[in-house]
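Scroll down for the structure; my scribbles are underneath it.
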Ligand SMILES: [Zn+2]
(Lines give C-alpha, C1' and ligand atoms only; values in the text may rest on other atoms or scores of the structure.)
Protein backbone atom coordinates (compact mmCIF):
# COMPACT_ATOMS: atom_id res chain seq x y z
CA UNK A 1 0.00 0.00 0.00
CA UNK A 2 1.70 3.25 -1.11
CA UNK A 3 2.31 5.63 1.77
CA UNK A 4 4.03 9.00 1.73
CA UNK A 5 4.92 11.22 4.64
CA UNK A 6 5.23 14.91 3.85
CA UNK A 7 7.32 17.20 6.01
CA UNK A 8 4.82 19.94 5.16
CA UNK A 9 1.75 19.83 2.92
CA UNK A 10 -0.71 22.43 1.67
CA UNK A 11 -4.27 21.30 2.45
CA UNK A 12 -5.91 24.66 1.65
CA UNK A 13 -5.87 28.12 3.20
CA UNK A 14 -2.84 30.35 3.76
CA UNK A 15 -0.82 27.96 5.93
CA UNK A 16 0.67 24.52 5.39
CA UNK A 17 0.44 21.53 7.75
CA UNK A 18 3.36 19.60 9.29
CA UNK A 19 3.92 15.83 9.24
CA UNK A 20 1.18 14.81 6.81
CA UNK A 21 0.66 11.12 6.05
CA UNK A 22 -0.74 10.44 2.56
CA UNK A 23 -2.30 7.00 2.18
CA UNK A 24 -3.19 6.01 -1.40
CA UNK A 25 -5.46 3.18 -2.52
CA UNK A 26 -6.31 2.42 -6.14
CA UNK A 27 -5.03 5.75 -7.36
CA UNK A 28 -6.93 7.92 -4.86
CA UNK A 29 -6.18 9.30 -1.43
CA UNK A 30 -7.61 6.90 1.18
CA UNK A 31 -6.63 9.28 3.99
CA UNK A 32 -4.69 12.51 4.45
CA UNK A 33 -3.59 12.93 8.06
CA UNK A 34 -1.62 15.89 9.41
CA UNK A 35 0.33 15.76 12.67
CA UNK A 36 1.71 12.22 12.29
CA UNK A 37 5.04 12.81 14.01
CA UNK A 38 6.02 9.14 13.96
CA UNK A 39 5.57 7.94 10.36
CA UNK A 40 4.91 4.22 9.89
CA UNK A 41 7.69 2.09 8.43
CA UNK A 42 7.70 2.05 4.65
CA UNK A 43 6.29 5.54 4.29
CA UNK A 44 8.31 7.46 1.69
CA UNK A 45 9.54 10.76 3.04
CA UNK A 46 8.76 13.94 1.12
CA UNK A 47 11.02 16.78 2.27
CA UNK A 48 10.12 20.42 1.67
CA UNK A 49 6.53 21.27 0.71
CA UNK A 50 3.95 19.00 -0.90
CA UNK A 51 1.07 20.35 -2.96
CA UNK A 52 -1.67 18.85 -5.13
CA UNK A 53 -0.69 18.10 -8.72
CA UNK A 54 -1.00 21.14 -10.94
CA UNK A 55 -3.32 21.47 -13.95
CA UNK A 56 -2.23 23.09 -17.19
CA UNK A 57 -5.68 24.03 -18.42
CA UNK A 58 -4.76 25.45 -21.83
CA UNK A 59 -2.04 24.02 -24.08
CA UNK A 60 -1.19 23.93 -27.77
CA UNK A 61 1.69 21.44 -27.63
CA UNK A 62 3.19 22.32 -31.01
CA UNK A 63 3.67 26.00 -30.14
CA UNK A 64 6.58 24.85 -27.96
CA UNK A 65 8.65 24.60 -31.16
CA UNK A 66 8.64 28.42 -31.34
CA UNK A 67 10.22 29.08 -27.93
CA UNK A 68 13.10 31.54 -28.20
CA UNK A 69 12.71 31.72 -31.99
CA UNK A 70 10.22 34.55 -32.53
CA UNK A 71 11.92 37.56 -30.99
CA UNK A 72 14.11 38.99 -33.76
CA UNK A 73 11.45 41.21 -35.28
CA UNK A 74 8.77 43.49 -33.92
CA UNK A 75 5.13 42.67 -34.55
CA UNK A 76 1.99 41.52 -32.75
CA UNK A 77 -0.12 38.45 -32.10
CA UNK A 78 -1.01 38.46 -35.79
CA UNK A 79 2.61 38.39 -37.05
CA UNK A 80 3.46 35.71 -34.48
CA UNK A 81 0.52 33.71 -35.79
CA UNK A 82 2.16 33.47 -39.22
CA UNK A 83 5.24 31.86 -37.62
CA UNK A 84 2.99 29.47 -35.70
CA UNK A 85 1.25 28.51 -38.95
CA UNK A 86 4.63 27.62 -40.48
CA UNK A 87 5.22 25.09 -37.69
CA UNK A 88 1.68 23.73 -38.10
CA UNK A 89 2.28 23.24 -41.81
CA UNK A 90 5.30 21.00 -41.16
CA UNK A 91 3.82 18.56 -38.64
CA UNK A 92 2.67 15.00 -39.29
CA UNK A 93 1.43 12.44 -36.75
CA UNK A 94 4.91 11.05 -36.06
CA UNK A 95 6.66 14.38 -35.58
CA UNK A 96 3.69 15.69 -33.58
CA UNK A 97 3.87 12.72 -31.21
CA UNK A 98 7.63 13.10 -30.68
CA UNK A 99 7.32 16.81 -29.97
CA UNK A 100 4.24 16.49 -27.76
CA UNK A 101 5.81 13.70 -25.68
CA UNK A 102 8.75 15.95 -24.88
CA UNK A 103 6.41 18.87 -24.14
CA UNK A 104 4.25 16.78 -21.82
CA UNK A 105 7.42 15.47 -20.13
CA UNK A 106 8.50 19.09 -19.58
CA UNK A 107 5.08 19.72 -18.01
CA UNK A 108 5.40 16.70 -15.69
CA UNK A 109 8.87 17.86 -14.64
CA UNK A 110 7.30 21.24 -13.78
CA UNK A 111 4.69 19.59 -11.52
CA UNK A 112 1.74 19.45 -13.90
CA UNK A 113 -0.16 16.18 -13.56
CA UNK A 114 -2.92 17.04 -16.06
CA UNK A 115 -3.13 19.06 -19.25
CA UNK A 116 -6.04 20.40 -21.29
CA UNK A 117 -4.84 20.21 -24.89
CA UNK A 118 -6.82 22.61 -27.08
CA UNK A 119 -6.41 20.58 -30.25
CA UNK A 120 -7.15 22.05 -33.67
CA UNK A 121 -4.42 20.62 -35.94
CA UNK A 122 -6.55 17.70 -37.09
CA UNK A 123 -5.94 16.91 -40.75
CA UNK A 124 -3.22 16.51 -43.33
CA UNK A 125 -1.92 19.20 -45.70
CA UNK A 126 -4.72 20.90 -47.60
CA UNK A 127 -7.23 19.63 -45.05
CA UNK A 128 -7.17 16.05 -46.39
CA UNK A 129 -8.13 13.69 -43.53
CA UNK A 130 -5.69 10.99 -42.48
CA UNK A 131 -6.87 7.39 -42.95
CA UNK A 132 -7.92 7.57 -39.33
CA UNK A 133 -9.31 11.14 -39.14
CA UNK A 134 -8.24 11.31 -35.48
CA UNK A 135 -4.61 10.41 -36.20
CA UNK A 136 -3.27 13.74 -34.89
CA UNK A 137 -5.37 13.51 -31.71
CA UNK A 138 -4.24 9.91 -31.21
CA UNK A 139 -0.64 11.12 -31.50
CA UNK A 140 -1.32 13.51 -28.60
CA UNK A 141 -2.95 10.72 -26.60
CA UNK A 142 0.08 8.45 -27.08
CA UNK A 143 2.38 11.36 -26.20
CA UNK A 144 0.59 12.00 -22.91
CA UNK A 145 0.59 8.29 -22.04
CA UNK A 146 4.31 8.19 -22.72
CA UNK A 147 4.91 11.16 -20.45
CA UNK A 148 2.68 9.85 -17.63
CA UNK A 149 0.43 12.92 -17.53
CA UNK A 150 -3.39 13.06 -17.56
CA UNK A 151 -4.79 14.48 -20.79
CA UNK A 152 -8.10 16.16 -21.50
CA UNK A 153 -8.23 16.34 -25.29
CA UNK A 154 -10.31 19.45 -25.97
CA UNK A 155 -11.03 18.81 -29.63
CA UNK A 156 -11.60 22.16 -31.31
CA UNK A 157 -14.09 23.14 -33.99
CA UNK A 158 -12.55 25.52 -36.54
CA UNK A 159 -14.51 26.36 -39.69
CA UNK A 160 -13.54 29.77 -41.06
CA UNK A 161 -10.46 31.95 -41.40
CA UNK A 162 -12.07 35.01 -39.79
CA UNK A 163 -15.46 36.66 -39.62
CA UNK A 164 -17.03 35.39 -42.88
CA UNK A 165 -13.54 34.79 -44.30
CA UNK A 166 -12.52 31.55 -46.03
CA UNK A 167 -9.86 29.25 -44.62
CA UNK A 168 -6.44 29.67 -46.16
CA UNK A 169 -3.08 27.87 -46.07
CA UNK A 170 -2.41 25.81 -42.93
CA UNK A 171 -5.86 26.75 -41.57
CA UNK A 172 -7.27 24.15 -43.97
CA UNK A 173 -5.72 21.50 -41.70
CA UNK A 174 -7.82 22.71 -38.78
CA UNK A 175 -11.24 22.31 -40.38
CA UNK A 176 -13.78 19.47 -40.43
CA UNK A 177 -15.73 21.48 -43.05
CA UNK A 178 -18.88 21.58 -40.93
CA UNK A 179 -20.01 21.08 -37.36
CA UNK A 180 -21.56 17.69 -38.14
CA UNK A 181 -18.25 16.37 -39.51
CA UNK A 182 -16.49 17.56 -36.35
CA UNK A 183 -19.06 15.85 -34.11
CA UNK A 184 -18.81 12.55 -36.01
CA UNK A 185 -15.01 12.61 -35.77
CA UNK A 186 -14.90 13.51 -32.06
CA UNK A 187 -17.49 10.79 -31.34
CA UNK A 188 -14.89 8.22 -32.38
CA UNK A 189 -12.64 9.20 -29.45
CA UNK A 190 -13.16 7.45 -26.10
CA UNK A 191 -12.01 8.38 -22.61
CA UNK A 192 -9.47 6.17 -20.86
CA UNK A 193 -7.62 5.75 -17.57
CA UNK A 194 -5.74 9.05 -17.81
CA UNK A 195 -7.71 10.43 -20.75
CA UNK A 196 -10.81 12.60 -20.98
CA UNK A 197 -12.42 13.90 -24.16
CA UNK A 198 -13.78 17.42 -24.20
CA UNK A 199 -14.87 20.02 -26.73
CA UNK A 200 -13.56 23.38 -27.81
CA UNK A 201 -14.75 26.15 -30.10
CA UNK A 202 -11.72 27.91 -31.47
CA UNK A 203 -13.13 31.46 -31.28
CA UNK A 204 -15.91 33.66 -32.67
CA UNK A 205 -13.52 34.35 -35.55
CA UNK A 206 -13.30 30.68 -36.51
CA UNK A 207 -16.85 29.48 -35.71
CA UNK A 208 -20.09 31.26 -36.58
CA UNK A 209 -22.89 31.72 -34.06
CA UNK A 210 -25.14 29.04 -35.61
CA UNK A 211 -22.34 26.47 -35.40
CA UNK A 212 -21.51 27.54 -31.84
CA UNK A 213 -25.12 26.80 -30.91
CA UNK A 214 -25.07 23.30 -32.44
CA UNK A 215 -21.61 22.36 -31.12
CA UNK A 216 -22.22 23.60 -27.59
CA UNK A 217 -25.51 21.68 -27.40
CA UNK A 218 -23.75 18.55 -28.65
CA UNK A 219 -21.00 18.94 -26.03
CA UNK A 220 -23.54 19.58 -23.25
CA UNK A 221 -25.44 16.38 -24.14
CA UNK A 222 -22.21 14.47 -23.47
CA UNK A 223 -21.24 16.33 -20.31
CA UNK A 224 -18.01 17.50 -21.96
CA UNK A 225 -16.03 20.48 -20.75
CA UNK A 226 -16.34 23.23 -23.38
CA UNK A 227 -13.51 25.72 -23.87
CA UNK A 228 -13.14 28.68 -26.24
CA UNK A 229 -10.67 31.48 -26.89
CA UNK A 230 -12.57 34.65 -25.97
CA UNK A 231 -11.46 38.29 -26.20
CA UNK A 232 -7.74 37.61 -26.40
CA UNK A 233 -7.22 40.50 -28.80
CA UNK A 234 -8.53 44.05 -29.01
CA UNK A 235 -9.18 43.46 -32.72
CA UNK A 236 -11.34 40.41 -31.97
CA UNK A 237 -13.41 42.32 -29.43
CA UNK A 238 -13.82 45.33 -31.73
CA UNK A 239 -14.55 43.37 -34.94
CA UNK A 240 -17.08 41.18 -33.16
CA UNK A 241 -18.93 44.20 -31.76
CA UNK A 242 -18.94 45.86 -35.19
CA UNK A 243 -20.06 42.83 -37.16
CA UNK A 244 -22.32 40.99 -34.76
CA UNK A 245 -23.37 43.76 -32.38
CA UNK A 246 -22.18 41.65 -29.45
CA UNK A 247 -18.94 41.03 -27.62
CA UNK A 248 -17.40 37.58 -28.24
CA UNK A 249 -18.67 36.33 -24.87
CA UNK A 250 -22.06 37.84 -25.68
CA UNK A 251 -22.19 35.68 -28.83
CA UNK A 252 -21.64 32.55 -26.73
CA UNK A 253 -24.23 33.75 -24.24
CA UNK A 254 -26.86 34.47 -26.92
CA UNK A 255 -26.82 30.90 -28.19
CA UNK A 256 -26.84 29.27 -24.74
CA UNK A 257 -23.23 28.05 -24.83
CA UNK A 258 -22.33 29.32 -21.35
CA UNK A 259 -22.66 27.24 -18.18
CA UNK A 260 -20.71 25.56 -15.43
CA UNK A 261 -18.71 23.41 -17.89
CA UNK A 262 -17.70 26.42 -20.00
CA UNK A 263 -14.22 27.91 -19.71
CA UNK A 264 -13.35 31.14 -21.48
CA UNK A 265 -9.65 31.27 -22.31
CA UNK A 266 -7.93 34.69 -22.02
CA UNK A 267 -10.70 37.32 -21.59
CA UNK A 268 -8.06 40.07 -21.79
CA UNK A 269 -10.52 42.59 -23.19
CA UNK A 270 -13.64 41.66 -21.26
CA UNK A 271 -16.02 44.50 -20.46
CA UNK A 272 -17.73 44.74 -17.08
CA UNK A 273 -20.83 43.29 -18.77
CA UNK A 274 -18.81 40.30 -20.02
CA UNK A 275 -17.55 39.61 -16.49
CA UNK A 276 -21.11 39.75 -15.10
CA UNK A 277 -22.34 37.46 -17.87
CA UNK A 278 -19.64 34.85 -17.22
CA UNK A 279 -20.21 35.02 -13.45
CA UNK A 280 -24.00 34.65 -13.72
CA UNK A 281 -23.62 31.71 -16.12
CA UNK A 282 -21.29 29.91 -13.71
CA UNK A 283 -18.49 29.64 -16.28
CA UNK A 284 -14.77 29.83 -15.56
CA UNK A 285 -11.82 31.80 -16.90
CA UNK A 286 -8.46 30.34 -17.88
CA UNK A 287 -5.76 33.01 -17.83
CA UNK A 288 -2.55 32.49 -19.78
CA UNK A 289 -0.54 35.52 -18.66
CA UNK A 290 2.94 34.39 -19.74
CA UNK A 291 1.67 33.86 -23.28
CA UNK A 292 -0.45 37.00 -23.18
CA UNK A 293 2.56 39.14 -22.28
CA UNK A 294 4.75 37.33 -24.82
CA UNK A 295 2.24 38.14 -27.58
CA UNK A 296 1.45 41.65 -26.40
CA UNK A 297 -2.21 40.74 -25.89
CA UNK A 298 -2.82 43.16 -23.03
CA UNK A 299 -3.41 42.49 -19.33
CA UNK A 300 -6.67 40.75 -18.48
CA UNK A 301 -9.01 41.99 -15.74
CA UNK A 302 -8.08 38.95 -13.62
CA UNK A 303 -8.82 40.60 -10.31
CA UNK A 304 -12.27 41.83 -11.37
CA UNK A 305 -13.10 38.39 -12.75
CA UNK A 306 -12.02 36.78 -9.46
CA UNK A 307 -13.93 39.35 -7.42
CA UNK A 308 -17.10 38.52 -9.41
CA UNK A 309 -16.80 34.91 -8.22
CA UNK A 310 -15.65 33.37 -11.51
CA UNK A 311 -13.48 30.26 -10.95
CA UNK A 312 -9.95 30.80 -12.27
CA UNK A 313 -7.47 28.43 -13.85
CA UNK A 314 -4.23 28.96 -15.78
CA UNK A 315 -2.58 27.54 -18.87
CA UNK A 316 0.86 27.82 -20.40
CA UNK A 317 -0.84 28.05 -23.85
CA UNK A 318 2.02 28.77 -26.31
CA UNK A 319 4.64 27.43 -23.85
CA UNK A 320 6.88 30.44 -23.88
CA UNK A 321 7.52 29.06 -20.40
CA UNK A 322 6.10 25.93 -18.75
CA UNK A 323 5.98 26.76 -15.06
CA UNK A 324 2.77 26.75 -13.01
CA UNK A 325 4.26 28.95 -10.28
CA UNK A 326 5.30 31.54 -12.84
CA UNK A 327 1.86 31.45 -14.46
CA UNK A 328 -0.09 32.30 -11.30
CA UNK A 329 2.60 34.74 -10.19
CA UNK A 330 2.21 36.51 -13.54
CA UNK A 331 -1.53 36.79 -12.92
CA UNK A 332 -0.82 38.57 -9.65
CA UNK A 333 2.14 40.65 -10.85
CA UNK A 334 0.47 41.84 -14.05
CA UNK A 335 -2.57 42.80 -11.96
CA UNK A 336 -0.27 44.79 -9.67
CA UNK A 337 1.24 46.66 -12.60
CA UNK A 338 -2.19 47.40 -14.05
CA UNK A 339 -3.72 48.56 -10.75
CA UNK A 340 -0.71 49.97 -8.87
CA UNK A 341 -1.86 47.79 -5.95
CA UNK A 342 -0.15 44.76 -4.37
CA UNK A 343 -1.88 41.64 -3.10
CA UNK A 344 -4.66 41.42 -5.71
CA UNK A 345 -4.98 37.69 -4.95
CA UNK A 346 -4.26 35.76 -1.79
CA UNK A 347 -1.47 33.20 -2.17
CA UNK A 348 -4.05 30.47 -1.51
CA UNK A 349 -6.28 31.74 -4.33
CA UNK A 350 -3.30 31.59 -6.70
CA UNK A 351 -2.44 28.06 -5.54
CA UNK A 352 -6.08 27.02 -6.02
CA UNK A 353 -6.15 28.39 -9.57
CA UNK A 354 -3.25 26.17 -10.65
CA UNK A 355 -4.54 23.09 -8.80
CA UNK A 356 -8.26 22.53 -8.01
CA UNK A 357 -9.46 25.31 -10.31
CA UNK A 358 -7.62 23.94 -13.31
CA UNK A 359 -8.51 20.32 -12.62
CA UNK A 360 -12.22 21.18 -12.43
CA UNK A 361 -12.03 23.10 -15.71
CA UNK A 362 -10.71 20.05 -17.57
CA UNK A 363 -12.86 17.46 -15.83
CA UNK A 364 -10.57 15.79 -13.29
CA UNK A 365 -11.50 14.98 -9.70
CA UNK A 366 -8.09 16.12 -8.50
CA UNK A 367 -6.29 19.23 -7.32
CA UNK A 368 -6.54 18.88 -3.55
CA UNK A 369 -4.92 16.63 -0.97
CA UNK A 370 -8.16 15.17 0.37
CA UNK A 371 -9.63 11.68 0.87
CA UNK A 372 -11.38 10.38 -2.25
CA UNK A 373 -9.55 12.66 -4.68
CA UNK A 374 -7.19 11.36 -7.34
CA UNK A 375 -3.76 10.94 -5.75
CA UNK A 376 -1.84 13.51 -7.79
CA UNK A 377 0.77 15.47 -5.87
CA UNK A 378 3.96 17.44 -6.24
CA UNK A 379 6.85 17.84 -3.85
CA UNK A 380 8.91 21.03 -3.93
CA UNK A 381 12.38 21.45 -2.53
CA UNK A 382 12.56 24.22 0.02
CA UNK A 383 16.33 23.97 0.49
CA UNK A 384 17.35 25.04 -3.01
CA UNK A 385 18.97 28.38 -3.73
CA UNK A 386 15.67 29.96 -4.86
CA UNK A 387 13.48 28.67 -2.04
CA UNK A 388 15.90 28.63 0.92
CA UNK A 389 14.79 31.08 3.56
CA UNK A 390 11.16 31.22 2.44
CA UNK A 391 8.72 30.12 5.16
CA UNK A 392 7.48 26.61 4.30
CA UNK A 393 4.68 27.15 6.81
CA UNK A 394 3.00 29.42 4.26
CA UNK A 395 1.82 28.43 0.78
CA UNK A 396 3.11 31.83 -0.33
CA UNK A 397 6.62 30.37 -0.11
CA UNK A 398 5.84 28.04 -3.01
CA UNK A 399 3.74 30.51 -5.00
CA UNK A 400 6.21 33.40 -4.75
CA UNK A 401 9.60 31.69 -4.43
CA UNK A 402 9.51 28.36 -6.28
CA UNK A 403 9.95 27.66 -9.96
CA UNK A 404 9.48 24.56 -12.09
CA UNK A 405 13.15 23.77 -11.39
CA UNK A 406 12.36 23.28 -7.68
CA UNK A 407 9.94 20.41 -8.36
CA UNK A 408 11.48 17.27 -6.89
CA UNK A 409 8.83 14.53 -6.98
CA UNK A 410 5.64 14.20 -9.04
CA UNK A 411 3.08 11.47 -8.44
CA UNK A 412 0.11 10.82 -10.75
CA UNK A 413 -2.66 8.59 -9.39
CA UNK A 414 -0.30 7.17 -6.79
CA UNK A 415 2.41 6.36 -9.36
CA UNK A 416 5.70 8.30 -9.32
CA UNK A 417 6.44 9.99 -12.65
CA UNK A 418 9.26 12.31 -11.51
CA UNK A 419 11.79 11.54 -8.78
CA UNK A 420 14.67 13.76 -7.67
CA UNK A 421 13.82 16.11 -10.51
CA UNK A 422 14.22 13.39 -13.17
CA UNK A 423 11.46 12.08 -15.40
CA UNK A 424 11.22 8.31 -14.88
CA UNK A 425 9.48 7.58 -18.22
CA UNK A 426 11.29 10.14 -20.39
CA UNK A 427 14.77 10.40 -18.85
CA UNK A 428 16.10 12.04 -22.03
CA UNK A 429 13.38 14.68 -22.24
CA UNK A 430 15.78 17.52 -23.10
CA UNK A 431 17.48 15.61 -25.91
CA UNK A 432 14.09 14.48 -27.23
CA UNK A 433 12.85 18.08 -27.20
CA UNK A 434 15.97 19.26 -28.99
CA UNK A 435 15.62 16.66 -31.75
CA UNK A 436 11.88 17.24 -32.15
CA UNK A 437 12.17 21.02 -32.40
CA UNK A 438 15.24 21.01 -34.69
CA UNK A 439 13.52 18.58 -37.06
CA UNK A 440 10.77 21.18 -37.48
CA UNK A 441 12.70 24.41 -37.26
CA UNK A 442 15.83 23.35 -39.16
ZN1 LIG B 1 -4.82 29.10 -27.11
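The residue of segment 271-311 that is nearest to the chain's Cα centre (by Cα), among those that are closer than 26 Å to residue 364 by Cα, away from the ligand (no atom under 16 Å from the Cβ) and touching a residue at least 40 places away in the same chain (Cβ under 8 Å), is 311.
Select, from 417, 426, 437, the only residue that is part of a loop (DSSP other than H, G, I, E, B), in contact with a helix residue (DSSP H, G or I) (Cβ under 8 Å, 6 or more places away or on another chain), in contact (Cβ under 8 Å) with a residue 40 or more places away in the chain and within 25 Å of residue 147 (Cα to Cα). Give the derivation first.
Working: 417 fails: part of a loop (DSSP other than H, G, I, E, B); 437 fails: part of a loop (DSSP other than H, G, I, E, B).
When all the criteria are applied, what remains is 426.
Here residue 250 passes the criteria (1) over 20 Å from the mean Cα position of the chain (by Cα); (2) assigned to a loop (DSSP other than H, G, I, E, B) except the one numbered (2). When the criteria are applied in full, residue 245 fails the requirement of being surrounded by 19 or more Cβ atoms within 10 Å (Cβ to Cβ) and either over 13 Å from residue 301 (Cβ atoms) or in contact (Cβ under 8 Å) with a residue 24 or more places away in the chain (or both).
Number of residues in segment 377-398 that are surrounded by fewer than 20 Cβ atoms within 10 Å (Cβ to Cβ) and under 22 Å from the mean Cα position of the chain (by Cα) equals 1. Could we say that residue 373 is more than 20 Å from the chain's Cα centre (by Cα) and away from the ligand (no atom under 16 Å from the Cβ) here? No, not satisfied.
Considering 374, 369, which residue is out of contact with any helix residue (DSSP H, G or I) (no Cβ under 7 Å at 6 or more places or on another chain), crowded, with 24+ Cβ neighbours inside 10 Å, at pLDDT 95 or above and more than 23 Å from residue 105 (Cβ to Cβ)?
Details: 374 fails: more than 23 Å from residue 105 (Cβ to Cβ).
One residue alone meets the criteria, 369.
The set of residues in segment 280-302 being within 15 Å of residue 357 (Cα to Cα) and in contact with a helix residue (DSSP H, G or I) (Cβ under 9 Å, 6 or more places away or on another chain) consists of 283, 284, 285, 286, 287, 288, 302.
Pick from segment 253-270 the residues that are closer than 21 Å to residue 223 by Cβ and either at pLDDT below 95 or within 16 Å of the ligand (Cβ to nearest atom) (or both): which of them is surrounded by the most Cβ atoms within 10 Å (Cβ to Cβ)? So, considering only residues that are closer than 21 Å to residue 223 by Cβ and either at pLDDT below 95 or within 16 Å of the ligand (Cβ to nearest atom) (or both), the one surrounded by the most Cβ atoms within 10 Å (Cβ to Cβ) is 263.
Picking from 339, 335, which residue would you name as being touching a residue at least 12 places away in the same chain (Cβ under 8 Å) and buried (at least 20 other Cβ atoms within 10 Å of the Cβ)? Walk me through how you get there before you give the answer.
Details: 339 fails: buried (at least 20 other Cβ atoms within 10 Å of the Cβ).
Within the list 339, 335, the selection yields 335.
Only one of the listed residues (102, 43, 89, 55) is touching a helix residue (DSSP H, G or I) at 6+ places or on another chain (Cβ under 7 Å), touching a residue at least 40 places away in the same chain (Cβ under 8 Å) and over 24 Å from residue 114 (Cα atoms). That residue is 89.
Set side by side, the residues 214, 197 differ, and just one is away from the ligand (no atom under 16 Å from the Cβ), surrounded by 15 or more Cβ atoms within 10 Å (Cβ to Cβ) and part of a strand (DSSP E or B), which is 197.
Just wondering, is there one or more residues in segment 181-192 that are touching a strand residue (DSSP E or B) at 6+ places or on another chain (Cβ under 6 Å), outside any helix (DSSP H, G or I) and in contact (Cβ under 8 Å) with a residue 24 or more places away in the chain? Step through it out loud before you land on a result.
Step one: filter segment 181-192 for residues touching a strand residue (DSSP E or B) at 6+ places or on another chain (Cβ under 6 Å), giving 182, 186, 189, 191.
With the extra rule that they be outside any helix (DSSP H, G or I), the set shrinks to 189, 191.
If we keep only those that are in contact (Cβ under 8 Å) with a residue 24 or more places away in the chain too, we end up with 189.
Looking through segment 181-192, at least one residue is touching a strand residue (DSSP E or B) at 6+ places or on another chain (Cβ under 6 Å), outside any helix (DSSP H, G or I) and in contact (Cβ under 8 Å) with a residue 24 or more places away in the chain.
The values are calculated or read from the model by the stated rules, or taken from the named source; none is laboratory data. It should be emphasised that the depicted structure is a prediction, and the values quoted were computed from it without experimental measurement. Please note: Cβ atoms are built from the backbone with ideal geometry, for glycine as well, and neighbour counts cover all protein chains shown.
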